[in-house]
Every structure is written in structure tokens, then in C-alpha cells.
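So the structure is just underneath, and the comments pick up after that.
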Amino acid sequence: MKNINDLTLKELEEYFINKGSKKFHALQLFNFLYEKKIKSLTEVTTIKKDFLDQIEKDFSFNKIKLIIVEKDKDVSKYLFELQDKEHIEAVLMQHDYGLSVCVSSQVGCNMGCAFCESGRRKKVRNLEVYEMVQQILLIEEETKTRISHVVVMGIGEPFDNYENLTKFLSIINEAKGLAIGARHITVSTCGIVPKILEFTNFPLQINLAISLHAPNDEIRNKLMPISKVYPLKDLIEAIKFYIEKTNRRVTFEYILLKDVNDSTECALQLAKLVKGINCYINLIPYNETNNLNFMRSNTVQIMRFYDILKKNNVNVTIRKEFGSKISAACGQLRSKKEEL
Ligand code: SAH
């Protein structure tokens, strides 16, 4: 049985029409669910009781469970338990421009990136649409505030769960619901080329971020197995196509790992690789984890890398750091919990 939070507005409208009701009632229900945030259908005042009973029978209203919140100054980490007792996490970040939530898209991850905690556990399953939507709903409920920004950068590879991802994006963007602006939503991928191409047809103006992490195939192959399937040449070609079709700027994420990808030569190669591409590069100081052997580049090296890119006219920023104290890097809270 589908969960009520699995349905896009369009799907809900189809349901209403199929059951002999009116399309506009679907929009009303959507509004009650996401803007008014009702706790039960009895609070819906604009739809007949009989029909509400029918909805109650046709859909599940189960919720994922919030089991741990760790709070720091401007970041909170949420651990959720799913109905099958699996765990996923989300992170809430307080920016000067608003509140942003980093959501998970899968239980475990099959991409196997060498530096990433999430990938230590193979994919168990994709998240259902409602399990992604409810991460945001439950955080809004817990904080009693409105979330303005969403990044799909938690556990999992969103483009390995494409159909559910795109439904999730439609639901949270819907104007009469959570109304999170498409330009305030970012999807991050390790570089699954066919899905980047497919995403060019997705109608919303969502930001795309690419986890690049290396300026050549040799280093990238060591860090990210996906690179053997889609080498940089194919990835860059797909990104150029994406930019040409959507007219949007992409973000490249580049974690700086000491003595792995942080040399002057790497910086020069990277500048050359992205030359002429409408993009900016987000340099990420590595969040060290106990279980993996990578180290963060020191600050001098980070600044040197940054300066080389700047000098070569690349748009570059260094990511503001959140949550190194509260194990907020991908997969770290789940790992901690399961080691308990
Ligand atoms: N699978 C997607 C989204 C999840 S990872 C992707 O690969 O983009 C989100 C980002 O966090 C990626 O850029 C990932 O490489 C990065 N990341 C993973 N572990 C990290 C760590 N310990 N420190 C800093 N960034 C990390």
C-alpha cells in the first residue's frame, strides 16, 4: 500500500478523479498535509467524511521515527528509524540565508567511494518517496520552523534512485505544499552519466552538483569506482550537454585529501578540466572519520589550492564547515549508532 506522502500532486489528483471526486479536492488535501501539517484526516474540513474514510483505507499514514537528535551551534543531526528498522540520517544547517536540510536517498550506498563513510555499508534498498519527504516534515515539526533549502547529499546516490528522487523533488517544490523553491534545492551525484542526461528533461530548475574529487581518471579511479564506468571524458561531456540544454550552472564538489588530490599540479589540472564550463567549484575540507585512512589537507594547502584556481579564473569557494563535532559527515551518525 502506498503511503500518503508517496504521491505527487498529479498522482493525488488522478486518484481523486478516478474515485469520482474533483481534482481541486486533491490540491486541498495536499495543502492540509504539507502547509497546514495536519496530524489526522479529521482536521480536513473541506472534504466529505465518507471520502476521507476512503482515503484512510487506500493509503498508509505511517511515519518514519525520529530517534536521535544531536545539536550543535548551527547544525543538528537527525537519526531516523524506518519501519523495517533500518536507519538513515539527515542534517539541518543554519545558514545566513535560511535553514537547509541534507536528506538521505538510500539505505546504504553501492558507489563505494573510498573516503566516504556511507559506502562502507552496501545498499540495502532505495528510500521510498515518503521516507525522503518525511525527513523534511519531521525536522520542520521538531524545530517548529520552515525549511527553505534542501540538499540531497546524505546517505545514498540519488541518481541510483531516480524515480523516487524526482517524485520527492516535485512534492517538496509544490507551491501549495512545502513550497521549497527549485533553485533552493540541490541534488548531488557521484557522476552517473545516463541519469545526468535524463535529468536535463526534468522540468524543475533544480541545482546539480557533481562529486568530482579528482582532476584525472588515475586519481579518480582510486577514489570513486564509478569513474571506471563513466570516465571523466564522458562525465564532462554529459555535464556540458546538461548546461547547454538547461542553461544552468553546475557545482563541482572537490574534497581536499592530504597527499591524494591536493597538489599544485592537481589544482592546475582541475583548472584546465573545467575551463569554459559554466560552473563553480566547492572545495570541501575533508571530515575525517575513524574508520577510513584519509586525512584532511592542512589549511595552508587548502588556501594554496584555492589561490591557484582563482588565478586561473575559476569560480571557487571553500565550503563552510558544519558538524565536525557531531559526526555530521555522510553516514557517520548511523555508523556510530550501529556500533553501539
Ligand atoms: N552520492 C552523492 C551524494 C551523497 S555524498 C554524491 O556522491 O554526490 C555528498 C557529498 O559529501 C559528496 O560530495 C561526498 O563525496 C561528500 N563526502 C562524503 N564523505 C565525506 C567526508 N568524510 N568529508 C567531506 N565530504 C564527504
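The values are calculated or read from the model by the stated rules, or taken from the named source; none is laboratory data. Note that the structure is predicted; figures quoted are calculated from it, not measured. As a convention, Cβ positions derive from the backbone with ideal geometry for all residues, glycine included, and neighbour counts pool all protein chains shown. Note: accessible area is taken over every heavy atom of the protein model, side chains too, but ligands, DNA and RNA are not part of it. Shrake-Rupley method; radii C 1.70, N 1.55, O 1.52, S 1.80 Å.
If I filter the stretch 144-168 down to residues being within 14 Å of the ligand (Cβ to nearest atom) and part of a loop (DSSP other than H, G, I, E, B), which single residue comes out as most open to solvent (accessible area, probe 1.4 Å)?
Going through the qualifying residues, I end up with Met153.
If Met111 satisfies all but one of (1) within 17 Å of Leu66 (Cα to Cα); (2) within 13 Å of the ligand (Cβ to nearest atom), what's the number of the condition it fails?
(1)
Identify the residue in the stretch 81-108 that is among the acidic types (Asp, Glu) and assigned to a loop (DSSP other than H, G, I, E, B) and, among all such residues, is surrounded by the fewest Cβ atoms within 10 Å (Cβ to Cβ).
Start the filter on the stretch 81-108 by keeping residues that are among the acidic types (Asp, Glu), which leaves 81, 84, 86, 89, 96.
Now restrict to residues that are assigned to a loop (DSSP other than H, G, I, E, B): 84, 86, 96.
Details: Asp84: 8, Glu86: 16, Asp96: 6.
If we take residues in the stretch 81-108 being among the acidic types (Asp, Glu) and assigned to a loop (DSSP other than H, G, I, E, B), then Asp96 is surrounded by the fewest Cβ atoms within 10 Å (Cβ to Cβ).
Taking only pairs six or more apart or across chains, which ones have beta-carbon atoms under 8 Å, a first residue in the stretch 166-192 that is outside the structural domain of Asn31 (by TED's automatic domain parsing) and among the hydroxyl-bearing types (Ser, Thr, Tyr), and a second residue that is away from the ligand (no atom under 16 Å from the Cβ) and not in a helix (DSSP H, G or I)?
Sorted first by the residue in the stretch 166-192, then by its partner, the pairs are Thr166/Phe202; Ser170/Thr8; Ser170/Leu204.
Mind listing whichever residues of the stretch 209-232 are within 10 Å of the ligand (Cβ to nearest atom) and either in contact with a His (Cβ under 9 Å, 6 or more places away or on another chain) or over 25 Å from Arg296 (Cβ atoms) (or both)?
Selection gives Leu223, Met224.
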